[in-house]
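Scroll down for the structure; my scribbles are underneath it.
The values are calculated or read from the model by the stated rules, or taken from the named source; none is laboratory data. Because the structure is a prediction, the values reported are computed rather than measured. With ideal geometry, Cβ positions are generated from the backbone for all residues, glycine too; neighbour counts draw on all protein chains shown. Ligands, DNA and RNA are excluded from the accessible area calculation, which covers all protein heavy atoms including side chains. Shrake-Rupley method; radii C 1.70, N 1.55, O 1.52, S 1.80 Å.
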Amino acid sequence: MEDLKALELGAIEEIGAVSTGEELEKLRVRLLGKKGDITSLMKGISKLPPDERPKAGAEFNKVKVSISSAIEKKSAAIKAQELSARLNDEIFDITISGKPYGPGHFHPSCDIMDEFIDIFVGLGFCVEEGPEVETDEYNFQRLNFPDDHPARDMQDTFYLQNGKRLLRTHTSTVQVHTMLKKKPPLAVIAPGRVYRLDSDITHSPVFHQVEGFLIDKNVTFAHLKGTLELFVHRLYGKNTKLRFRPSFFPFTEPSAEMDISCQLCGGKGCRLCKGTGWIEILGAGMIDPNVFKAVGYDPEEWTGFAFGCGIERVAMLKYSIDDIRLLFGNDKRFLSQF
Ligand code: DAH
C-alpha cells in the first residue's frame, strides 16, 4: 500500500511536469498500460492474505481513477495551450503594407504592331492573316521565286516533314492566300510571326513582320510612296525624312528599299546609322505580273503595290535597343523599362 501511495504521488507530480501531448501519452502508457507500473504493482495482490485482497483491489482502483483524471485534465490543458499558441501564430496583421505590384503593359513589339495596324486601318486597309506552317508553293513558287533562289536554301528556311512543309519566312504568303480568296480591289495589312534559321544581335529565329498591299486599277509607285510617307510621318513624326533605293524582290517589279532619316542623330550620321544618316526600315515595290498570274488575276487589268516590314527592327530603332534577343527574352528588368 505504501508503494502504491508513492506511485500515485510520483505519478501526479510527473503528470504536472509534462508539457506536450506526446510526452503525456508516453507517461499514460507507462503508468496505466498493460505492462505499466500499476499493473506490475497489482501483481503483488496475489501475495496478500485473501481477506486483505478486496480492500487492496479497491485502493488500486481509486489510484487508477485519480491518475486517469489527472491525465485527462492535463491533456485538456495542453490542448487549450496548443490551440491558443496556434491562434496567436496564425493571426494576420492587417496593418502590414502589401507588396506593390504595378500594372502590366503590352510588350514593345506588340505596341509597335498595334500602332502600325491602327495607321493602316485608318487608311481603309483591312487585316488578314495566314498560316505559319506553309508549303513551298505559297512561300516561294507563287511569289515568283525561281527554283534555285538562294532564299530556299536550308541556311534560311526551317523545313518540316522532310521538306514537304516549312515555317513561313515572310508574311508575303498572305498576299497569295488573300488574292486566291478575294477579288480586287484590295487593301490589306497582314501582321504575323515569321521564322528564319538565323540568330545574332540583329536576327532572331522567330520575329514579326507586317505585310501591306493594295491592288486596284492604275496603281502607281506614287501611291506607294504617298502611303509610306504618311505612315512614316505618323509613326516617327513629321520631321522624319524618307528615301527609296532600288532593290530586288522576286514578287515586286520594280522593287525598292525604304530608308528613314536616323532617329538617333537626326540624319547627321552616328553609330546607329553607321555614319550615313539613314536607316533601312522596309522593302517594297509594285506587285510583279507573275504574282497576279499565279492567282488568276489579269496583270493587264490589275496593278498594285506591296511592302513588308520587320516589327522588331522598328521597335529597336524607336527605343534604341541594340540586341534583338532582348525582345524575346521576357526579362522583366528589360520589359519594365517601356
Ligand atoms: N518579304 C520580304 C522579306 O521578308 C519583305 C518584302 C519586301 C515584302 C518587298 C514586300 C515587298 O511586300 O514588296 O524580306
Can you confirm whether the stretch 278-295 contains a residue that is within 13 Å of the ligand (Cβ to nearest atom), at pLDDT 95 or above and of a type in the set (Val, Ile, Thr)? yes
Is it the case, given these coordinates, that Gln161 is among the polar types (S, T, N, Q) and closer than 24 Å to Glu300 by Cβ? no
Subset of the stretch 296-315 (residues that are within 15 Å of the ligand (Cβ to nearest atom), within 39 Å of the chain's Cα centre (by Cα) and over 21 Å from Arg243 (Cβ atoms)): Gly304, Ile311, Glu312
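Looking at this structure, is Ser204 within 34 Å of the chain's Cα centre (by Cα), polar (S, T, N, Q) and either surrounded by fewer than 21 Cβ atoms within 10 Å (Cβ to Cβ) or within 15 Å of the ligand (Cβ to nearest atom) (or both)?
On the way: within 34 Å of the chain's Cα centre (by Cα): yes; polar (S, T, N, Q): yes; either surrounded by fewer than 21 Cβ atoms within 10 Å (Cβ to Cβ) or within 15 Å of the ligand (Cβ to nearest atom) (or both): yes.
For Ser204, the condition - within 34 Å of the chain's Cα centre (by Cα), polar (S, T, N, Q) and either surrounded by fewer than 21 Cβ atoms within 10 Å (Cβ to Cβ) or within 15 Å of the ligand (Cβ to nearest atom) (or both) - is met.
Kindly indicate which of Leu160, Leu166 is without any contact (Cβ under 8 Å) to a residue 40 or more places away in the chain, aliphatic (A, V, I, L, M), open to solvent by less than 30 Å² (accessible area, probe 1.4 Å) and farther than 26 Å from Ile117 by Cα.
Numbers: Leu160 fails: open to solvent by less than 30 Å² (accessible area, probe 1.4 Å).
Exactly one of Leu160, Leu166 is without any contact (Cβ under 8 Å) to a residue 40 or more places away in the chain, aliphatic (A, V, I, L, M), open to solvent by less than 30 Å² (accessible area, probe 1.4 Å) and farther than 26 Å from Ile117 by Cα, namely Leu166.
Might you let me know whether the stretch 77-94 holds any residue that is out of contact with any Lys or Arg (no Cβ under 8 Å at 6 or more places or on another chain), of a type in the set (Gly, Ala, Ser) and assigned to a loop (DSSP other than H, G, I, E, B)? Break it down into steps so the answer makes sense when it comes.
Taking the stretch 77-94 as the starting set, the residues that turn out to be out of contact with any Lys or Arg (no Cβ under 8 Å at 6 or more places or on another chain) are 77-94.
Filter once more, keeping what is of a type in the set (Gly, Ala, Ser): 77, 80, 84-85.
Going one step further and asking which of them are assigned to a loop (DSSP other than H, G, I, E, B), we end up with none.
The answer is no, given that none of the residues of the stretch 77-94 is out of contact with any Lys or Arg (no Cβ under 8 Å at 6 or more places or on another chain), of a type in the set (Gly, Ala, Ser) and assigned to a loop (DSSP other than H, G, I, E, B).
Mind listing whichever residues of the stretch 117-136 are in a helix (DSSP H, G or I), modelled with pLDDT of 95 or more and out of contact with any Lys or Arg (no Cβ under 7 Å at 6 or more places or on another chain)?
In the first step, residues of the stretch 117-136 are kept if they are in a helix (DSSP H, G or I); the result is 117-122, 136.
Keeping just the survivors that are modelled with pLDDT of 95 or more gives 117-122.
Passing the criteria: Ile117, Asp118, Phe120, Val121, Gly122.
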Has the stretch 281-288 got any residue that is open to solvent by 20 Å² or more (accessible area, probe 1.4 Å) and part of a strand (DSSP E or B)? yes
Return the residues of the stretch 252-264 that are more than 11 Å from the ligand (Cβ to nearest atom), open to solvent by less than 20 Å² (accessible area, probe 1.4 Å) and of a type outside the set (Gly, Ala, Ser); say none if nothing qualifies. Asp259, Ile260, Cys262
Given (1) closer than 30 Å to Ser336 by Cβ; (2) touching a residue at least 60 places away in the same chain (Cβ under 8 Å), where does Gly98 come up short, assuming only one miss? (2)
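Given the condition within 15 Å of Arg313 (Cα to Cα), more than 13 Å from the ligand (Cβ to nearest atom) and part of a helix (DSSP H, G or I), answer yes or no: does some residue in the stretch 222-232 qualify?
Step one: of the stretch 222-232, the residues within 15 Å of Arg313 (Cα to Cα) are 232.
This time we only want the ones that are more than 13 Å from the ligand (Cβ to nearest atom), so: 232.
From what is left, the residues that are part of a helix (DSSP H, G or I) are 232.
Yes.
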Just one of Phe249, Phe213 is touching a Gly at 6+ places or on another chain (Cβ under 9 Å), open to solvent by 40 Å² or more (accessible area, probe 1.4 Å) and within 13 Å of the ligand (Cβ to nearest atom); which is it? Phe249
